[in-house]
Amino acid sequence: MSDTSTEKSTKTITKPEKPRLHKVILVNDDFTPREFVVTVLKKVFALTEDEAYARMMTAHTHGVCTIAVYTREVAETKAEDAIEAGQRAGFPLMVTTEPEE
Ligand code: TYC
């Protein structure tokens with residue numbers, strides 16, 4: 001196309017997609033001590049004592065609790081860190097991730 005052309009461009013301008021956020025979900029079990037769960041939540045997810053305790057109790061009572069949402073890689077890394085902390089201490093602590101709707 002020359003500089004003097006009056007034709008309209010047919011190029012489509014696509015906006016970059018916003019990265020989809022992923023939930024990190026705490027799963028209850030019968031063996032991991034409550035205090036240990038709270039400690040891990042504070043350390044890995046930078047929660048306050050009150051926030052960590054509330055999420056631990058929600059999982060304890062209802063079976064699961066969303067801890068927080070992050071981009072996929074951060075969510076997966078934090079879930080792995082929490083699971084590993086449980087394994088190192090001999091507890092079956094389970095944390096999963098899933099994309100937000
Ligand atoms: N249910 C555990 C107990 O009674 C405590 C617990 C809470 C464990 C939440 C895991 O994700 C969890 N010791």
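Numbers at a glance
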{"read-out": "Any hit, the stretch 23-38, residues being near the ligand (Cβ under 7 Å from one of its atoms), without any contact (Cβ under 8 Å) to a residue 12 or more places away in the chain and closer than 17 Å to PRO92 by Cβ", "value": "yes"}
{"read-out": "Test: residue in the stretch 51-72 that is more than 19 Å from the chain's Cα centre (by Cα), within 14 Å of the ligand (Cβ to nearest atom) and modelled with pLDDT of 95 or more", "value": "yes"}
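The values are calculated or read from the model by the stated rules, or taken from the named source; none is laboratory data. Values in this document were obtained by computation on a predicted structure and should not be read as measured data. Cβ sites come from the backbone with ideal geometry, for glycine too, and all protein chains shown count toward neighbours.
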